[in-house]
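The values are calculated or read from the model by the stated rules, or taken from the named source; none is laboratory data. For clarity, every value in this text was computed on a predicted model and none was experimentally measured. Using ideal geometry, Cβ is built from the backbone for each residue, glycine included, and neighbour counts are taken over all protein chains shown. Accessible surface is based on the protein model in full, side chains and every heavy atom, while ligands, DNA and RNA are left aside. Shrake-Rupley method; radii C 1.70, N 1.55, O 1.52, S 1.80 Å.
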Amino acid sequence: MSQAKDTSISAYLVVSRGETKGKRFEIPQGESLIGRWDPDAGAFPEVDLENHDPEAKVSRRHALLHFDGSNLSLEDAGSMNGTFVNRGKRLEEGARHALKDGDEVIIGKTFLTVELN
């Protein structure tokens with residue numbers, strides 16, 4: 001009897017610019033919110049960019065990551081300042097964009113790099 005090999009990977013977003021460059025956020029499987037923590041607004045993001053966003057350009061509920069252990073995708077959640085991948089066009093609200101290792105993600109004015117391994 002053969003055992004199934006675990007093919008899941010680890011996913012991270014890493015701050016790539018600014019004073020907090022190098023800060024890593026591990027992305028759990030399932031859906032994760034990217035934004036700013038605000039209990040009054042009911043925003044409790046898994047990827048809290050409050051301390052990485054000096055100009056307050058990140059919305060409380062900015063974007064969503066979807067990770068199933070092998071595929072990672074990103075969608076804008078109706079943010080004010082937009083979500084961008086590899087400096088392309090602004091992502092449309094609710095449309096998922098597949099991410100790969102090394103992709104640059106811009107949330108407001110916070111620059112992050114995707115790490116998949």
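Could you tell me whether any residue of segment 68-89 is basic (Lys, Arg) and over 13 Å from the mean Cα position of the chain (by Cα)?
From segment 68-89, those basic (Lys, Arg) are 87, 89; that's our starting set.
In the following step, the residues that additionally are over 13 Å from the mean Cα position of the chain (by Cα) were identified as 87, 89.
The answer is yes, given that some residue of segment 68-89 is basic (Lys, Arg) and over 13 Å from the mean Cα position of the chain (by Cα).
What's the total number of residues in segment 69-92 that are touching a strand residue (DSSP E or B) at 6+ places or on another chain (Cβ under 8 Å) and farther than 18 Å from residue 49 by Cβ?
5
Would you check which residues across segment 1-32 are within 18 Å of residue 105 (Cα to Cα), exposed (fewer than 12 other Cβ atoms within 10 Å of the Cβ) and modelled with pLDDT under 95 and list them?
Correct list: 19 only.
Give me the pairs: first residue in segment 78-106 and more than 18 Å from residue 58 (Cα to Cα), second residue open to solvent by 50 Å² or more (accessible area, probe 1.4 Å) and not charged (D, E, K, R), beta-carbon distance under 6 Å, and six or more apart or on different chains, which are they?
Here the result reads 103/86, each pair linking segment 78-106 to a residue that is open to solvent by 50 Å² or more (accessible area, probe 1.4 Å) and not charged (D, E, K, R).
Let me spell it out: the conditions are (1) assigned to a helix (DSSP H, G or I); (2) open to solvent by less than 20 Å² (accessible area, probe 1.4 Å), and residue 40 meets all of them except one. Which number is the exception?
(2)
Take segment 60-71 and flag every residue that is out of contact with any Lys or Arg (no Cβ under 7 Å at 6 or more places or on another chain) and open to solvent by 10 Å² or more (accessible area, probe 1.4 Å).
So the first thing to find is which residues in segment 60-71 are out of contact with any Lys or Arg (no Cβ under 7 Å at 6 or more places or on another chain), and the list is 61-65, 67-71.
Correct list: 61, 64, 67, 68, 70, 71.
Is it true that residue 53 is in contact (Cβ under 8 Å) with a residue 12 or more places away in the chain, more than 15 Å from the chain's Cα centre (by Cα) and farther than 22 Å from residue 116 by Cα?
Working: in contact (Cβ under 8 Å) with a residue 12 or more places away in the chain: yes; more than 15 Å from the chain's Cα centre (by Cα): no; farther than 22 Å from residue 116 by Cα: yes.
When the stated conditions are applied, residue 53 does not pass them.
Please state which one of 66, 52 is at pLDDT below 95 and touching a strand residue (DSSP E or B) at 6+ places or on another chain (Cβ under 6 Å). Please lay out each step first, then the result.
Numbers: 66 fails: at pLDDT below 95.
Answer to the selection: 52.
Restricting to segment 74-112, count the residues that are crowded, with 17+ Cβ neighbours inside 10 Å and closer than 11 Å to residue 13 by Cβ.
8
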